[in-house]
Amino acid sequence: MKRYSLHPSSFSLVETEEFYERKAKKGLILEKRGHYLSRFRKEEPKNLSYRVEIVDSKRLEDGKIPEEQILVYEECGWTRVCGKSQIQIFSADKDTDPPELYTKPEDQIESIKILRKSFLKEFLSLIVTYFILFTIQRSRYPRRSVGEYLKFFVEVFYKILIDTPAFGFLLFGTIALGIGYYAIGMISSQYLITKLKKGVPLRTITPFEKAMRIWKKGIVAVFVSGVLILGLIEGSTSVRGDSPSSFEGPFITIEELRGKESSNAYEGKYRSRKTVFGEVIKTHEFYDGPDGYISLDQEVYLIKSQRTRDRFLESLKASLYYGIVVSDFEEVLVDGLDEVYVRNEWEILAVKGDLVLRMFYHTDKEPSRESILLKISESLNDTSVSRSE
């Protein structure tokens with residue numbers, strides 16, 4: 001029977017050894033180590049000692065330590081069990097009292113430097129990957145400077161946070177935890193090197209990660225709780241439908257614009273949910289009949305905090321709808337609306353009180369932009385009046 005379990009981080013060397021020893025006493029013998037999980041086979045409980053050996057990846061042959069080096073360890077009573085990259089695991093029966101692989105703390109410094117270097121390389125590889133992706137994406141928008149494009153990314157993230165707080169919090173937390181992992185790995189490795197230089201034996205050093213564990217657990221607990229609570233709020237208040245005209249809300253419909261009821265040439269979707277910031281309503285409608293076609297997509301946000309609303313409006317003005325390359329928004333005046341911005345021939349941002357509406361439409365005939373803005377003003381004002389009552 002095979003069993004899997006999360007093992008301690010790569011920089012928690014002593015904890016990793018103790019983890020495998022506890023498993024062996026329960027009859028779970030290490031068989032394979034992965035990046036996050038270790039695989040065990042079920043046997044009779046054994047009293048085993050484990051040691052983690054850090055090996056330069058350049059010295060590995062097909063992911064394994066060279067045979068001559070393995071023989072040296074075996075002569076000392078240690079048997080190679082498995083390994084993953086620079087982390088190689090050896091075991092021995094405790095009853096045989098196997099000698100330590102290192103007799104002086106200073107002898108282990110070079111090994112820990114390899115570990116520190118591996119974390120630095122992984123972190124730099126991540127940064128380079130992001131930079132390449134950033135460069136490729138920016139090349140699609142030559143009109144934007146690097147500063148403008150960085151701002152664009154920040155605004156997109158802010159929009160995600162307001163639009164779907166649970167996903168935004170999950171995205172931010174995942175990135176932060178990922179960067180934190182590499183940071184703690186490098187700091188922990190340097191901490192071990194400093195202690196070893198002072199002659200402190202490795203297995204008597206309290207790992208830096210262990211000292212930080214209470215903070216780590218607290219941060220992770222807050223992060224997981226936050227995602228679950230935000231997701232529960234959004235999920236429990238979610239409403240879906242096939243025809244926006246069946247719902248009341250601060251938006252307009254193709255039926256209102258055309259002055260006709262829906263037909264077989266029509267399709268539509270309605271979604272709404274409440275969030276910690278207010279409420280989000282999204283509609284999608286498409287009509288393609290003998291008298292022309294029109295597509296209408298709307299996002300309506302009810303945001304009670306003026307500061308958050310103003311900040312969110314800036315995010316909407318900086319973002320791209322469906323990734324389309326478009327010009328900047330231009331402000332226009334419309335009776336009954338607080339702020340209105342238009343971009344190209346098909347995108348509108350309108351603000352009335354707590355409501356922010358974003359519309360993306362396309363048609364080969366009427367209605368004109370002026371008539372659409374008039375309908376938006378009527379809809380948002382009717383909603384504002386009803387809410388005040």
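Let's see how each residue does on (1) open to solvent by less than 70 Å² (accessible area, probe 1.4 Å); (2) in a helix (DSSP H, G or I); (3) closer than 30 Å to Lys25 by Cβ; (4) modelled with pLDDT of 85 or more:
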{"residue": "Ile89", "(1), (2), (3), (4)": "yes, no, yes, yes"}
{"residue": "Leu101", "(1), (2), (3), (4)": "yes, no, yes, no"}
{"residue": "Leu115", "(1), (2), (3), (4)": "yes, yes, yes, no"}
{"residue": "Glu122", "(1), (2), (3), (4)": "yes, yes, no, no"}
{"residue": "Tyr130", "(1), (2), (3), (4)": "no, yes, no, no"}
{"residue": "Arg144", "(1), (2), (3), (4)": "yes, no, no, no"}
{"residue": "Tyr149", "(1), (2), (3), (4)": "yes, yes, no, no"}
{"residue": "Val156", "(1), (2), (3), (4)": "yes, yes, no, no"}
{"residue": "Leu161", "(1), (2), (3), (4)": "yes, yes, no, yes"}
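Kindly establish whether Ser388 is modelled with pLDDT of 80 or more, small (Gly, Ala, Ser) and out of contact with any His (no Cβ under 6 Å at 6 or more places or on another chain). Against the criterion (modelled with pLDDT of 80 or more, small (Gly, Ala, Ser) and out of contact with any His (no Cβ under 6 Å at 6 or more places or on another chain)), Ser388 does not qualify. Only one of the numbered conditions (1) over 21 Å from Glu255 (Cβ atoms); (2) outside any loop (DSSP other than H, G, I, E, B) is violated by Leu373, and that is (1). Count of segment 255-310 residues, restricted to those that are surrounded by 13 or more Cβ atoms within 10 Å (Cβ to Cβ) and part of a helix (DSSP H, G or I), is 7.
When the criteria are applied in full, Phe19 fails the requirement of being under 30 Å from Gly180 (Cβ atoms) and touching a Gly at 6+ places or on another chain (Cβ under 6 Å).
Taking the criterion of being in a loop (DSSP other than H, G, I, E, B) and touching a residue at least 60 places away in the same chain (Cβ under 8 Å), the residues of segment 11-36 that qualify are Phe11, Ser12. Of the listed requirements (1) modelled with pLDDT of 80 or more; (2) part of a helix (DSSP H, G or I); (3) in contact with a helix residue (DSSP H, G or I) (Cβ under 9 Å, 6 or more places away or on another chain), Val200 misses just one: (2). Residues considered: Arg80, Arg39. Of these, the only one that is open to solvent by 20 Å² or more (accessible area, probe 1.4 Å), part of a strand (DSSP E or B), farther than 28 Å from Ala183 by Cβ and touching a helix residue (DSSP H, G or I) at 6+ places or on another chain (Cβ under 8 Å) is Arg80. Candidates Ser49, Ser5: the one that is in contact with a helix residue (DSSP H, G or I) (Cβ under 8 Å, 6 or more places away or on another chain) and surrounded by fewer than 16 Cβ atoms within 10 Å (Cβ to Cβ) is Ser5.
Here is a check on your reading of the model: is Ser245 of a type in the set (S, T, N, Q), in a helix (DSSP H, G or I) and under 30 Å from Gln108 (Cβ atoms)?
Answer is no for this residue.
Return yes when Ser91 is under 25 Å from Lys23 (Cα atoms) and among the hydroxyl-bearing types (Ser, Thr, Tyr) and no when it is not. Answer is yes for this residue.
All conditions in (1) modelled with pLDDT of 85 or more; (2) farther than 19 Å from Ser9 by Cβ; (3) of a type outside the set (Lys, Arg) hold for Tyr50, with the sole exception of (2).
The values are calculated or read from the model by the stated rules, or taken from the named source; none is laboratory data. Quantities reported herein were computed from a predicted structural model and do not represent experimental measurements. Here Cβ is always computed from backbone atoms with ideal geometry, including for glycine, and neighbour counts include all displayed protein chains. The protein model used for the area step is the full one, side chains on, heavy atoms only, and it has no ligands, DNA or RNA in it. Shrake-Rupley method; radii C 1.70, N 1.55, O 1.52, S 1.80 Å.
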